[in-house]
Amino acid sequence: MSNIVLIPARGGSKRIKNKNIIEFEGIPIIGHAIKLARETELFDDVIVSTDDEVIRNVSLKFGASVPWTRPQHLADDIATTLDVMKHSAEEIIKIHPQTKNICCLYPATPLLDHKIIKKAYELFILSDANFTFPSMEHP
């Protein structure tokens with residue numbers, strides 16, 4: 001069985017310019033997400049889907065795979081996470097044909113604790129659900 005985490009990180013954020021590579025506590029935001037995914041020890045690969053060369057380079061520096069460039073029609077303001085995940089699932093299956101589960105982890109979650117992801121995974125595996133959404137409260 002193969003578990004893959006996908007971090008969707010487009011370059012054209014409108015509200016906060018370059019939010020995925022802005023530093024938070026000395027590390028680019030996406031670097032936190034990549035480290036978080038690794039800390040869970042659940043995933044066989046951490047993949048970033050991006051259209052942006054700077055995000056690609058930062059992601060590679062933090063140990064993620066960036067095996068394709070996201071098509072422009074999936075990097076605009078209209079594309080949904082579902083659109084990106086569907087495309088990414090097709091690409092992931094080409095690279096990792098034994099993939100059983102794909103987790104979507106947003107890049108701008110530097111305060112998320114790996115224990116929450118692990119707990120969500122446990123609940124997911126024990127249920128017959130098709131997906132789960134881990135969440136946390138933060139004051």
Looking only at region 115-132, filter to residues that are in contact with a helix residue (DSSP H, G or I) (Cβ under 7 Å, 6 or more places away or on another chain) and outside any loop (DSSP other than H, G, I, E, B); which one of those is most open to solvent (accessible area, probe 1.4 Å)? LYS118
Please work out which residue is surrounded by the most Cβ atoms within 10 Å (Cβ to Cβ), limiting yourself to region 69-85 and to residues that are acidic (Asp, Glu) and in contact (Cβ under 8 Å) with a residue 12 or more places away in the chain. ASP76
If PHE24 meets every condition in (1) free of Cβ contacts under 8 Å to residues at least 60 places away in the same chain; (2) farther than 19 Å from GLU91 by Cβ; (3) not charged (D, E, K, R) apart from one, which number is that one? (1)
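Suppose we filter LEU112, LEU105 for residues that are closer than 16 Å to ILE29 by Cα, surrounded by 13 or more Cβ atoms within 10 Å (Cβ to Cβ), of a type outside the set (Lys, Arg) and touching a strand residue (DSSP E or B) at 6+ places or on another chain (Cβ under 6 Å); which single one remains?
Details: LEU112 fails: touching a strand residue (DSSP E or B) at 6+ places or on another chain (Cβ under 6 Å).
From the options LEU112, LEU105, the qualifying one is LEU105.
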Restricting region 88-139 to residues that are free of Cβ contacts under 8 Å to residues at least 40 places away in the same chain and touching a Ser or Thr at 6+ places or on another chain (Cβ under 7 Å), the residue that is nearest to ILE4 (Cα to Cα): ILE93
Do we have THR40 as hydroxyl-bearing (Ser, Thr, Tyr) and open to solvent by 10 Å² or more (accessible area, probe 1.4 Å) here? no
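Is it the case that region 11-31 has a residue that's open to solvent by 80 Å² or more (accessible area, probe 1.4 Å) and in contact with a helix residue (DSSP H, G or I) (Cβ under 7 Å, 6 or more places away or on another chain)?
Narrowing region 11-31 to residues open to solvent by 80 Å² or more (accessible area, probe 1.4 Å): 14-17, 23, 25.
Restricting the remaining residues to those that are in contact with a helix residue (DSSP H, G or I) (Cβ under 7 Å, 6 or more places away or on another chain) gives none.
Within region 11-31 (the criterion being open to solvent by 80 Å² or more (accessible area, probe 1.4 Å) and in contact with a helix residue (DSSP H, G or I) (Cβ under 7 Å, 6 or more places away or on another chain)), the answer is no, since none of the residues qualifies.
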Tell me which of these VAL46 doesn't satisfy, since it passes every other one: (1) in contact with a Gly (Cβ under 8 Å, 6 or more places away or on another chain); (2) surrounded by 14 or more Cβ atoms within 10 Å (Cβ to Cβ); (3) over 19 Å from ILE4 (Cβ atoms). (3)
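Quick check: anything in region 58-66 open to solvent by less than 40 Å² (accessible area, probe 1.4 Å), hydroxyl-bearing (Ser, Thr, Tyr) and free of Cβ contacts under 8 Å to residues at least 60 places away in the same chain? Steps first, answer last, please.
We begin by selecting, within region 58-66, every residue open to solvent by less than 40 Å² (accessible area, probe 1.4 Å); these are 58-59, 63-66.
Those left that are additionally hydroxyl-bearing (Ser, Thr, Tyr): 59, 65.
Subsequent filtering for residues that are free of Cβ contacts under 8 Å to residues at least 60 places away in the same chain retains 59, 65.
Within region 58-66, one or more residues are open to solvent by less than 40 Å² (accessible area, probe 1.4 Å), hydroxyl-bearing (Ser, Thr, Tyr) and free of Cβ contacts under 8 Å to residues at least 60 places away in the same chain.
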Tally time: how many residues in region 82-111 are under 15 Å from LEU42 (Cβ atoms) and at pLDDT below 90? 0
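The values are calculated or read from the model by the stated rules, or taken from the named source; none is laboratory data. Please read these numbers as outputs of a predicted model, since none were measured by experiment. Backbone-built Cβ (ideal geometry, glycine too); neighbour counts: all protein chains shown. Calculation scope for accessible area: heavy atoms of the full protein, side chains included, ligands and nucleic acids excluded. Shrake-Rupley method; radii C 1.70, N 1.55, O 1.52, S 1.80 Å.
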